[in-house]
Amino acid sequence: MKIKRPALSRGYADHGWLKSFHSFSFADYYDPKFMGFGPLRVINEDWIASGKGFGTHGHQDMEIITYVLEGELAHKDNMGNGKAIFPHEVQRMSAGRGVMHSEYNHAEGQTTHLLQIWIQPDTLGVDPSYEQTLFPPVEKRGKLRLVASENGAENSVKIHSDTRLYAALIDGNETIQHDLASGRLAYLHVAKGSVHVNGEPLDAGDALMLAQESTVHIEQGKDAEILLFDLPPAAKPRMAGSH
């Protein structure tokens with residue numbers, strides 16, 4: 001099964017300082033057909049104006065991944081973390097029992113373009129934590145680079161979900177094939193450029209949802225940057241300390 005999610009079919013909000021496309025139902029955008037995919041709950045593509053941002057606010061029991069495409073984003077939280085994130089870095093915040101943080105674009109005259117991703121954890125009520133790692137372009141050139149996983153494999157950031165998130169840069173004659181284990185889902189989001197996935201042409205902002213497929217085949221990239229989520233079916237999370 002393949003379901004294409006065209007970029008312009010997403011929800012959209014324009015707050016002046018913030019312009020945001022929502023791949024799944026979020027805030028004032030609600031579509032019962034797009035509530036999530038497996039444990040993947042949110043992919044928001046945001047443009048934040050210079051000198052603006054999100055004031056201090058809270059999250060709970062969600063794995064939050066920030067992926068900056070252009071510009072920079074300053075993060076500050078009540079765990080004592082305060083750091084800017086730049087392109088090719090991946091920031092992971094496990095909200096767990098609860099965390100407060102803020103996010104701002106302090107770059108003068110420059111808009112920040114980013115993806116913010118929420119993944120439902122397998123375990124609720126964990127200790128909140130934060131991690132940020134650089135994945136240089138050479139590690140993503142023409143191949144999938146694991147950037148987030150349940151066990152932190154290959155120096156990826158560690159999330160509390162049986163989800164594997166890969167990033168890749170693909171152009172020209174480069175091809176990538178990713179095998180899916182039985183029962184796994186795949187969600188591929190095109191962050192930049194254009195590419196063909198399992199025969200479907202996709203442009204920036206488009207996505208493809210795959211179920212009951214054995215492989216993800218990526219080719220015909222044109223300056224493409226993609227994120228591939230290898231996902232389990234959605235399951236009810238357990239509380240920390242339970243069996």
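Give me the residue from segment 81-96 that is within 14 Å of Ile64 (Cα to Cα) and assigned to a loop (DSSP other than H, G, I, E, B) and, out of that set, modelled with the highest pLDDT.
Ala95
Pull up segment 97-126, narrow it to residues that are assigned to a loop (DSSP other than H, G, I, E, B) and touching a residue at least 60 places away in the same chain (Cβ under 8 Å), then point me to the one that is nearest to Gly38 (Cα to Cα).
Looking at the filtered set, the residue picked out is Gln120.
Between Leu69, Leu73, which is farther than 28 Å from Ser182 by Cβ, crowded, with 18+ Cβ neighbours inside 10 Å and under 18 Å from the mean Cα position of the chain (by Cα)?
Leu73
So which residues in segment 11-33 are buried (at least 16 other Cβ atoms within 10 Å of the Cβ) and either in contact with a Leu (Cβ under 8 Å, 6 or more places away or on another chain) or modelled with pLDDT under 95 (or both)?
Phe24
Inspect segment 11-27 for any residue being assigned to a loop (DSSP other than H, G, I, E, B) and in contact with a Lys or Arg (Cβ under 6 Å, 6 or more places away or on another chain) and give the result as yes or no.
Within segment 11-27, one or more residues are assigned to a loop (DSSP other than H, G, I, E, B) and in contact with a Lys or Arg (Cβ under 6 Å, 6 or more places away or on another chain).
Restricting attention to segment 96-111, which residues are under 25 Å from Ala207 (Cβ atoms) and either surrounded by fewer than 20 Cβ atoms within 10 Å (Cβ to Cβ) or touching an Asp or Glu at 6+ places or on another chain (Cβ under 6 Å) (or both)?
Result: Thr111, single match.
Just to be sure, is Asp230 assigned to a strand (DSSP E or B), among the acidic types (Asp, Glu) and modelled with pLDDT of 95 or more?
Answer is yes for this residue.
In the set Glu174, Glu139, which member is of a type in the set (Asp, Glu) and touching a residue at least 40 places away in the same chain (Cβ under 8 Å)?
Exactly one of Glu174, Glu139 is of a type in the set (Asp, Glu) and touching a residue at least 40 places away in the same chain (Cβ under 8 Å), namely Glu174.
Could you list, in sequence order, the residues of segment 135-172 that are buried (at least 16 other Cβ atoms within 10 Å of the Cβ), touching a Leu at 6+ places or on another chain (Cβ under 9 Å) and acidic (Asp, Glu)?
Within segment 135-172, Asp162 is the sole residue that qualifies.
For segment 6-42, how many residues meet the condition of being touching a Gly at 6+ places or on another chain (Cβ under 9 Å), in contact (Cβ under 8 Å) with a residue 40 or more places away in the chain and under 19 Å from Thr163 (Cβ atoms)?
Qualifying residue count, segment 6-42: 2.
Restricting the search to segment 56-80, which residues are under 17 Å from Lys192 (Cα atoms) and part of a strand (DSSP E or B)?
Thr66, Tyr67, Val68, Leu69, Glu70
Those residues that are surrounded by fewer than 20 Cβ atoms within 10 Å (Cβ to Cβ) and at pLDDT 95 or above, I need them from segment 119-134; list them, please.
Glu131, Gln132, Thr133, Leu134
So which of Ser194, Ser161 ends up being among the hydroxyl-bearing types (Ser, Thr, Tyr), assigned to a loop (DSSP other than H, G, I, E, B) and modelled with pLDDT of 95 or more?
Criteria check complete, one pass: Ser161.
The values are calculated or read from the model by the stated rules, or taken from the named source; none is laboratory data. Just so we're clear, the structure is a prediction, and the values are computed from it rather than from any experiment. Here Cβ is always computed from backbone atoms with ideal geometry, including for glycine, and neighbour counts include all displayed protein chains.
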